[in-house]
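I have placed the structure first, in the form of structure tokens, so that the comments after it can refer back to it.
Just so it is clear, none of the values below were taken in a lab; they were calculated from the coordinates. Not measured: the values here are computed from a predicted model. In this analysis, Cβ positions are derived from the backbone assuming ideal geometry, glycine residues included, and neighbour counts consider all displayed protein chains.
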Amino acid sequence: MDISGRPLLDTKPDQALVAGREAEAAEIAGAAEHRRNVLVIGDRGSGKTTLLRQVAYELRRQHPDANPAFVPGGQAGTGRELVALISRRLGLASPAGGAPDEDTDLAEAVHRLRAGAAKKTRRAILVDEPSPRTAQTLFGRLRDEVWQLPFSWVVAAGDRDAGTYREPPVDAFFDRVIVLAELDRDAQASLLSARAGEAGRRLARKIDEGNPRRLLAMARSALQEGSSPEDLAAGQARRLSTAAELGRPAAMLLAELEALGSASASDPVLLDRLGWTRTRAVQVLGQLEAARLVTASEAKGAAGRPRKVYRPAELAPRAKPTEGESGR
């Protein structure tokens, strides 16, 4: 059983847990095969990262000699950093091998990516949630240079950044746009069955949550903590409503905490995902704590100093033990 909220990797064990987005994965892989660039738009927790890994696994299976490059775009703050990250993922680790250095013009650095191409098959580069600024640089200002490279591009973006990709010249770069809808009941059942077997399939009959990240969080509470599915559904509805009333920053931060499980205001992964400063995170975490959407506890930091660690509040109280269980 693996009902954690982590994005799955493009490995055989992890791909055995993938379910619910088969049609989208086949469409993206097919487009990449035909040298078409694809943009994937989805809400937080909709499964964008796992979907890109699923596509990478399928493309690698079909073309072992053209290993696709998965690039975590959020790690790059500028166009130059993104190009350098792509270079490393293509195996171009040194300037002599084609990676950009500080003195290299960015257009020339893009041209050097050509050295990472496969010999017989067009290689795919899958970029997961680059910042709007880096996307505008690579797929807008340098669009023509990137077009000339022997790669197919698959880029995933959050729905809040979708406007960046609708503006020229970025809009012309992508041949196909796929918007991830919520999972229907059959897809929810497939996902929970892949992660938790028959127990997951039974649970899917009682929970209707189309966001994969939230669905898995509810499944964890039900299967590991014994919470009632009905209470979980009601608790999730209250949580989303309260977070929406607090505003978009609160809803964004809560979604990231649901994915990470717990984090402090200085957690680099959390801040990188949100593009925030620590001060901003402290402010919004305070709002969530006051609204009882998160709980906080003290933990030792790297320097031995205590720090506050936040985690989403439970969706529902744990189920009461039966009479027979209470006496054990």
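Here's how it looks for Arg44: its modeled amide H is under 5 Å from those of Asp159, which are all 5 or more places away or on a different chain. Listed by chain and number, the lysines whose alpha-carbon sits under 21 Å from that of Lys308, ignoring those within fewer than 8 places in the same chain, are Lys300.
The mean sequence distance of close C-alpha pairs (under 8 Å, at least 6 residues apart), as a share of the length of region 123-262, puts its relative contact order at 16 percent.
Shape index of region 20-100: Rg/Rh, with Rg the Cα radius of gyration and Rh the Kirkwood radius from the inverse mean 1/r over Cα pairs, equals 1.00. Whole-Hz Karplus values for region 170-181 come out as 4, 4, 7, 6, 9, 7, 9, 10, 10, 9, 7, 7 Hz, taken residue by residue from phi with 6.51 cos²θ - 1.76 cosθ + 1.60 and θ = phi - 60°; glycine and proline positions read x. Between the amide H of Arg123 and those of Ala118, Ser152, distances stay under 5 Å, these residues lying 5 or more places away or on another chain, with hydrogens modeled in the peptide plane. Each Lys and Arg contributes +1 and each Asp and Glu -1, all at the Cβ; summed about the Cα centre of the chain, the dipole is approximately 500 debye. Could you tell me the center-to-center distance, by alpha carbons, between region 106-124 and region 265-279 in angstrom? The two parts, judged by their Cα centres, are 32 Å apart. The radius of gyration of the Cα set in the chain, together with its Dmax, comes out at 21.5, 73 angstrom.
Counting only DSSP beta bridges whose two residues both lie in the chain, roughly 30 percent are antiparallel. Our coupling estimate for region 114-130, obtained by passing each phi through the Karplus curve with A = 6.51, B = -1.76, C = 1.60 and θ = phi - 60°, is 3, 5, x, 6, 7, 6, 10, 10, 5, 7, 9, 10, 10, 10, 8, 6, x Hz, Gly and Pro reported as x. Each stretch of four or more DSSP H residues adds -39500 (n - 2.57); spread over every residue of the chain, this sum gives -14000 deg cm²/dmol at 222 nm.
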